[in-house]
Amino acid sequence: QVRLAESGGGSVQTGGSLRLSCTASGTRFVNNGMSWHRQAPGKQREWIATLTNLGSINYEDSLKDRFVVSRGAAENVVYLQMSSLKPEDTAVYYCKTVTSSGVYWGQGTQVIVSS
């Protein structure tokens with residue numbers, strides 16, 4: 001069974017940085033790729049970036065200068081490095097993968113950016 005788990009969220013001040021992790025069990029991102037998303041309070045979930053199984057990365061234009069996706073040494077771990085954080089980055093951050101058996105989301109990790 002495929003499971004995703006995000007970690008690394010927390011509270012930071014404006015301008016700070018955080019690195020989120022997405023760890024998969026039951027699949028490897030080199031096979032299926034993955035994507036990062038976030039949902040701010042009262043807003044729809046939005047896409048941040050996609051890492052394909054071949055290693056290419058696409059970013060939402062407004063975030064690509066501050067957010068960087070990278071693979072971990074293990075094939076089931078992907079990171080989201082966030083820098084120059086702003087209060088509007090406050091959200092629950094999710095990772096997602098799509099396999100032949102379905103679409104899977106993690107439980108999310110909360111990021112709070114205070115001014």
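The values are calculated or read from the model by the stated rules, or taken from the named source; none is laboratory data. Since this is a predicted model, take the numbers as computed values, not measurements. Backbone-built Cβ (ideal geometry, glycine too); neighbour counts: all protein chains shown. Note: accessible area is taken over every heavy atom of the protein model, side chains too, but ligands, DNA and RNA are not part of it. Shrake-Rupley method; radii C 1.70, N 1.55, O 1.52, S 1.80 Å.
Okay, here's what the table says:
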| quantity | calculated |
| --- | --- |
| Matching residues in the stretch 96-109 - criterion: being over 10 Å from the mean Cα position of the chain (by Cα) and of a type outside the set (A, V, I, L, M) | 97, 99, 100, 101, 102, 104, 105, 107 |
| Matching residues in the stretch 75-95 - criterion: being closer than 18 Å to residue 14 by Cβ and under 11 Å from the mean Cα position of the chain (by Cα) | 81, 82, 93 |
| Leading residue by the ranking (most open to solvent (accessible area, probe 1.4 Å)) among those in the stretch 12-31 that are under 17 Å from residue 99 (Cβ atoms), assigned to a loop (DSSP other than H, G, I, E, B) and not basic (Lys, Arg) | 26 |
| Pairs where the first residue, in the stretch 38-57, is farther than 16 Å from residue 68 by Cα and the second is in a loop (DSSP other than H, G, I, E, B) and modelled with pLDDT of 95 or more, C-beta under 6 Å, 6+ apart | 39/45 |
| Condition met for residue 38 (more than 10 Å from the chain's Cα centre (by Cα) and among the basic types (Lys, Arg)) | no |
| Residues within the stretch 48-69 that are more than 10 Å from the chain's Cα centre (by Cα) and farther than 12 Å from residue 30 by Cβ, tallied | 11 |
